[in-house]
Structures are given as structure tokens and as C-alpha cells.
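The values are calculated or read from the model by the stated rules, or taken from the named source; none is laboratory data. No experiment lies behind these values; they were computed from the predicted model shown. To get the accessible areas, we keep the full protein, side chains included, count just its heavy atoms, and leave off ligands, DNA and RNA. Shrake-Rupley method; radii C 1.70, N 1.55, O 1.52, S 1.80 Å.
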Amino acid sequence: MWEGRFVTAKRQGKWEYVSRSRGIRAAVILAVDNGHVLLVEQFRVPLGKNCIELPAGLVGDHDGNSDEDASLAAIRELEEETGYHAGIMEDCGEFYSSPGMVSESFSMFKAGGLTKVSVGGGVEGENITVHRVALNELNDFIEQKRREGAGIDVKLLLLLGPKLV
């Protein structure tokens, strides 16, 4: 139906859905350091507001690197967004965030051996705020961010799940 540089709108029978263009994939990083999780906050145009998320980034999104290794992209993205370098990046598998509407999958990685190497904040134009949140204060942090009007990425259910059942 329509194709842009990063997304493609498709139709198959009665289904309309969106996929990533050019084989681009995503890497999402769960980084826990001494009882604290690293989260990022950034403005998301589709929501029209800031969103609290796990650090993440696109794999193979630059021309000529469509075969980029997802674990290397995860290490790069974690450092760009949060300022932490991961000595270990464990692949936890492939997941789909909204399979009724989006064909995109993401690879989840668990970061270990974390070392603070910079302030983070993303690359030029991203304007990312880094949050290092104690796991035992995560519920309160998320509720405060909701009161401030921020969106909460569904992947944070990974951390909230045990408290929801």
C-alpha cells in the first residue's frame, strides 16, 4: 500500500498491518545493575508524548549494514542511549509486540557487566533522558510518570509481571 524508509503499510486480504522496511529489526535491552534497572524516556511522535521504555534500537537501519549482528547493535544502542557499556549481552529470544497490527519482531537482550562510560542521551536529535530506577521502587516510578502524562511501553510488563499476578 505504502512504503517509507523505515516502515511499510501492507494489506493481505482484509488485514492491514505495518512492517519494517528493508529487513530492519529491533533490539531491546534489559539492563539491571545492582538492583536498579536502566530505563529511557523520550518523546514518541505516534503517542504525542514522552514514553518510558527499556533501551532499544534498530538493527541494520543504516544503509549497507542490513546484516548487522543484533547483539552488537544492542551493545551500541545501550551505550548511546544510557551511557552504560555492557560486557555481556545475552540473547533472550525473539518477541512480537503487537502481532495483530505489526509484523515487527524484536530480539530481547539481557545486559551484564555494566560500566558507566558516558552520560547517554542518544545520538543527535534523540533527546533521551536516562532513568536508573531501583527495582523495589519501579511501581512508584511508573505511577509517577503516568501522573505526569508519560506513556508506558508494554515491555515494562516484563518487570511488573510478577506483581500483577
Cα radius of gyration and Dmax for the range 30-93 (Å): 13.0, 39
Calculated from backbone phi, Karplus (6.51, -1.76, 1.60) coupling profile of the range 107-115 in Hz, x at Gly/Pro: 8, 8, 10, 10, 8, x, x, 7, 9
29 Å Cα-Cα threshold exceeded, pairs from Lys49/Lys110; Lys110/Lys145; Lys14/Lys145; Lys49/Lys155: Lys14/Lys145
Carbon and sulfur %, accessible surface of the chain computed with the full protein complex present, 1.4 Å: 53 percent
Chain lengthening between Glu124 and Trp15 when straightened (0.36 nm per residue, less Cα-Cα): 35.6 nm
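Just the accessible area per residue of the range 24-102, please: how many Å² with a 1.4 Å probe?
I get 47 Å² per residue for this part.
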Principal axis dimensions, largest first and in whole angstrom, of the range 9-141 by Cα: 49, 35, 29
Cα convex hull of the range 96-165 - mean projected area over all directions, nm²: 7.2 nm²
